[in-house]
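Have a look at the structure below before the remarks.
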Amino acid sequence: MRLFAAVPMPEPARGEIARLLARLREPGWPLRLVHEHGLHLTMKFFGEVPPGRLEVIEEAVRAAVPGTGALPLRLAEIGAFPNFRRPRIIWVGLDAPPALELLQDRLERRAEAIGFAPEGMPFRPHVTLARVREGQRLPAGALESLAGEYEPVAFLAAELILYESVLGRGGPRYQPRLTLELAS
Ligand code: ATP
Ligand code: MG
């Protein structure tokens, strides 16, 4: 099974991101958009694991949460991996308090303790919006045109979810396996 821990996007972030997705639905832009209902901030990607590992992963995720509290977040800039000029993955960044990075670090350490190699890349809080189709390119200036087309809304994120990613024909479905309150 394929697992990852993520903070689901609540309102008003969802609605604002949905508007961004609508802006990305341009004829001639070779994109695969994410589904509106699965919008999330990935905190730790576990990847493909044997189902027998689920319980120990759940325990690791559980152990990382205490002391976090609900997180005041804010939508920030539009960005892309590997970079803005040759985008493959398009995302909206998040402004976050230190508590988010602390939570991510605790997840990383708990995961490492049960055998998952750390990410190795700096944590860049973001919500993925779209992927550029293999072998294709976005028209020049496409991403620049999105700037200013959305509100940098502030919101409170209150949950961390361990999701199973079920790959299917209509793209992946994200099935919650464990839902934790950050404020508990
Ligand atoms: P697809 O791979 O079919 O485009 P997806 O990337 O949305 O779909 P998954 O690959 O299961 O679905 O990924 C689940 C989440 O984990 C997504 O937010 C994805 O961006 C993130 N993710 C995937 N691979 C990695 C990775 N190697 N490192 C960090 N995060 C990852
Ligand atoms: Mg993927």
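A few comments on the model shown:
- Reducing segment 113-184 and segment 64-90 to their Cα centroids gives an inter-centroid distance of 8 Å.
- Amide H within-cut-off set for GLU159, under 5 Å, with H built and near neighbours excluded: LEU182
- Contact order relative to length of segment 1-159, as percent, for alpha carbon pairs under 8 angstrom and 6 or more apart: 36 percent
- Three-way shape label, segment 86-184, alpha-carbon gyration tensor, a/c 1.5: prolate
- Equivalent-ellipsoid semi-axes for the chain (Cα gyration tensor, √(5λ), whole Å, largest first): 28, 19, 15.
- Shape category assigned to segment 28-99 from the gyration tensor of Cα positions, a/c cut at 1.5: oblate
- For segment 38-52, putting each phi into the Karplus relation 6.51 cos²θ - 1.76 cosθ + 1.60 with θ = phi - 60° gives couplings of x, 4, 7, 9, 5, 9, 8, 9, 8, x, 6, 10, x, x, x Hz, in residue order, rounded to whole numbers and with x for Gly and Pro.
- Rounded to the nearest whole Hz, the Karplus-based 3J(HN,Hα) values (6.51 cos²θ - 1.76 cosθ + 1.60, θ = phi - 60°) of segment 5-21 follow the sequence 9, 8, 9, x, 7, x, 5, x, 5, 4, x, 5, 5, 4, 5, 5, 4, with x at glycine and proline.
- With loop membership from DSSP and a limit of 15 other Cβ atoms within 10 Å, the longest segment of the chain without trypsin sites (Lys or Arg not before Pro) is 26-84.
- Mean ellipticity per residue at 222 nm, deg cm²/dmol - from DSSP H runs of n ≥ 4 across the chain, formula -39500 (n - 2.57): -6500 deg cm²/dmol
- Alpha-carbon geometry of segment 126-184: the Rg and the Dmax are 16.6, 46 Å, given in that order.
Just so you know, all these numbers are worked out from the coordinates, no wet-lab data involved. As the structure is a computational prediction, the values presented were derived from the model and not from experiment. Glycine gets a Cβ as well: all are built from the backbone with ideal geometry, and neighbour counts include every protein chain shown.
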